[in-house]
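Have a look at the structure below before the remarks.
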Amino acid sequence: MRLFSNKIFVLLLISTFFLTTGLSCKLFPGKQAPAAYTKAQTLTFWGVWDTSDDLEVLIKDFKAIHPNIKISYKKFRYQEYEQKLLEAWAEDRGPDIYSIPATWLRKYKSKITPMPDSTKLSFQEVKTTLGKTEINTYVRDIPTYSARDIKNEFVDVVYNDVIIGGKVLGIPFSMDTLVLYYNKDLLDASDIPVPPTDWTELKEAVKKITKVNNNNEILQAGVALGVADNLPHSVDIASLLMIQNGAQMVDARGQVAFHTSPTKDKSYAPGLQALQFYLDFADPIKEVYSWNNNQNDAFNAFVSGKLAMFYGYSYHLPLIKTQAPKLEIDIAPMTQIEGSQKNINYTDYWVYTVSHKSANTDAAWGFINFASGDKEVTKYLNQTKKPTALRSLITKQKADPELAVFADQVLTATHWYRGNDALKMEEFFKEMLDRLPNAADPIEIMQNAALKINQTL
């Protein structure tokens, strides 16, 4: 357990007791706090999805107890973000704190200052006695997260992602998982009273909903599946299907193995079986045909009322509300394998970390440590309406109608790629999806994709 991160105000009360009673205050170093920690510092903070409003309360609360530290946040477009980071570092500038996808941590580990065991931070206390105001400044060593803390306080996938080489390289404020968004009116019109919970039910629902003309043109789509490029997170969805079906995405040596059999029966290929199931939804000769490469982007089709079911993350919800305020949209848990003994869900989340170029690493990690604790991060989650990554907040979020589905899934959330170039992995995976429908030897296609992805590990 961290002894301090969420007990700052308790410490201030203790300090007030010592100072106002005139007792010798050995809790803090002498009257003259080290100048290196009490001088004015400005932290630059870069991100993509957070707005200034999202972070305002965290920054304000941190500054209230560390008035010498100012934090300036800058938001970038995703398309430009990585290039801006690289350009800044090449010129010996850039952010002190920045956010990246958890799957980028290994790629960026040389650009990260790992979280130290503790951070030295300056605190300020104002005391008024008999009309005289006295300002006391002191420096404390604040414990940060240990590997054990990460394992105990966060959902399991976080530990596997952020601990690299025995060091903590990043901390999440939230955790996202894939869910099924559905158009209630389209399901009702097709006599489907409740959304599908497993893939067998999904197939039956798609058959009822999808409308195709004599030219195999899709007039109304049941679900967006089966292709690589015109639906968000196709790699995540296909990967989840493979994992649910028992595919071994990586072997004991950490090498990509999704083309192999995890059993002695070499004819059994759960990875290929899952991908064939996925690709059927874009095959005109299959009963579940409901999508193809000629369709509009899946999200746009969904908000325009032409797509009944859409797999997405929590960040899609406010976009759906804004772009389709009149549609009757609801959320269902992520589809599972029929009869499965346990649910398996898929996550995509970002972490906050500190640059290797930062001259203020104690203050930067101090902020992340402070902001990610349950007391402060609750304020962030309330503002952003994002699912939690902390175990302690899951039960509370299950009572929130909009977050309950996501909160129910974070404990069983996973992903598989922990290499050095997640974007390249996605490129090779999508190439595999494009080539499989016409492949004479599909296992060979998968093996070639695995070899390419292995080069990024």
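One table, with the values for the structure above:
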| quantity | calculated |
| --- | --- |
| Matching residues, region 360-411, being of a type outside the set (Val, Ile, Thr) and without any contact (Cβ under 8 Å) to a residue 40 or more places away in the chain | Asn382, Leu393, Lys396, Gln397, Lys398, Ala399, Asp400, Pro401, Ala404, Ala407 |
| Some residue of region 126-134 being of a type outside the set (A, V, I, L, M, F, W, C), surrounded by 14 or more Cβ atoms within 10 Å (Cβ to Cβ) and touching a residue at least 60 places away in the same chain (Cβ under 8 Å) | no |
| Matching entry among Ile59, Ile71, Ile65 (being out of contact with any Ser or Thr (no Cβ under 8 Å at 6 or more places or on another chain), in the same structural domain as Glu153 (by TED's automatic domain parsing) and modelled with pLDDT of 95 or more) | Ile59 |
| Residues that are modelled with pLDDT of 50 or more, surrounded by 17 or more Cβ atoms within 10 Å (Cβ to Cβ) and assigned to a loop (DSSP other than H, G, I, E, B), drawn from region 12-56 | Ala33, Val48, Asp50 |
| Hits in region 172-200 - residues which are acidic (Asp, Glu) and either in contact with a Ser or Thr (Cβ under 8 Å, 6 or more places away or on another chain) or not assigned by TED's automatic domain parsing to the domain that holds Leu327 (or both) | Asp176, Asp198 |
| Flag if Ala64 is of a type in the set (Gly, Ala, Ser), closer than 23 Å to Lys357 by Cβ, free of Cβ contacts under 8 Å to residues at least 60 places away in the same chain and part of a helix (DSSP H, G or I) | no |
| Answer from Ala301, Ala324, Ala282 - the residue that is among the aliphatic types (A, V, I, L, M) and without any contact (Cβ under 8 Å) to a residue 24 or more places away in the chain | Ala324 |
| Residue ID - nearest to Ala332 (Cα to Cα), chosen from residues in region 156-185 that are touching a residue at least 60 places away in the same chain (Cβ under 8 Å) and surrounded by fewer than 22 Cβ atoms within 10 Å (Cβ to Cβ) | Leu180 |
| Filtered residue count, region 404-439, keeping only those that are assigned to a helix (DSSP H, G or I), within 17 Å of the chain's Cα centre (by Cα) and surrounded by 18 or more Cβ atoms within 10 Å (Cβ to Cβ) | 9 |
| Residue satisfying condition, being within 23 Å of the chain's Cα centre (by Cα), touching a residue at least 40 places away in the same chain (Cβ under 8 Å) and under 19 Å from Thr388 (Cβ atoms), within set Tyr311, Tyr352 | Tyr352 |
| Residue list for region 75-113, restricted to those being touching a residue at least 60 places away in the same chain (Cβ under 8 Å), over 14 Å from Ser355 (Cα atoms) and in a strand (DSSP E or B) | Pro101 |
| Leading residue by the ranking (farthest from Ile69 (Cα to Cα)) among those in region 114-125 that are surrounded by fewer than 17 Cβ atoms within 10 Å (Cβ to Cβ) and free of Cβ contacts under 8 Å to residues at least 60 places away in the same chain | Asp117 |
| Which listed residue, of Pro387, Pro442, Pro401, is buried (at least 17 other Cβ atoms within 10 Å of the Cβ) and within 18 Å of Tyr313 (Cα to Cα) | Pro387 |
| Any chance Thr335 is crowded, with 22+ Cβ neighbours inside 10 Å and closer than 19 Å to Leu202 by Cα | yes |
| Some residue of region 144-155 being in a loop (DSSP other than H, G, I, E, B), touching an Asp or Glu at 6+ places or on another chain (Cβ under 7 Å), surrounded by 15 or more Cβ atoms within 10 Å (Cβ to Cβ) and modelled with pLDDT of 95 or more | yes |
| Helices (runs of 4 or more DSSP H) wholly inside region 354-401 that include at least 2 residues being within 30 Å of Trp89 (Cβ to Cβ) | 361-371, 374-384 |
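Per-residue answers, yes or no, for (1) under 26 Å from Thr38 (Cβ atoms); (2) β-branched (Val, Ile, Thr):
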| site | (1), (2) |
| --- | --- |
| Glu91 | no, no |
| Ile97 | yes, yes |
| Lys111 | no, no |
| Lys127 | yes, no |
| Asn136 | yes, no |
| Thr144 | yes, yes |
| Ala147 | no, no |
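For every residue, the table says whether it meets (1) surrounded by fewer than 22 Cβ atoms within 10 Å (Cβ to Cβ); (2) among the β-branched types (Val, Ile, Thr).
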position	(1), (2)
Leu225	no, no
Ala228	yes, no
Ile237	yes, yes
Met249	yes, no
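Okay, residues lined up against (1) out of contact with any Asp or Glu (no Cβ under 6 Å at 6 or more places or on another chain); (2) closer than 24 Å to Gln341 by Cβ; (3) of a type in the set (S, T, N, Q):
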| position | (1), (2), (3) |
| --- | --- |
| Val250 | yes, yes, no |
| Val256 | yes, no, no |
| Asp265 | yes, yes, no |
| Tyr268 | yes, yes, no |
| Gln276 | yes, yes, yes |
| Leu279 | yes, no, no |
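The values are calculated or read from the model by the stated rules, or taken from the named source; none is laboratory data. Source: prediction; values computed, not measured. All Cβ positions, glycine included, derive from the backbone under ideal geometry; neighbour counts span all protein chains shown.
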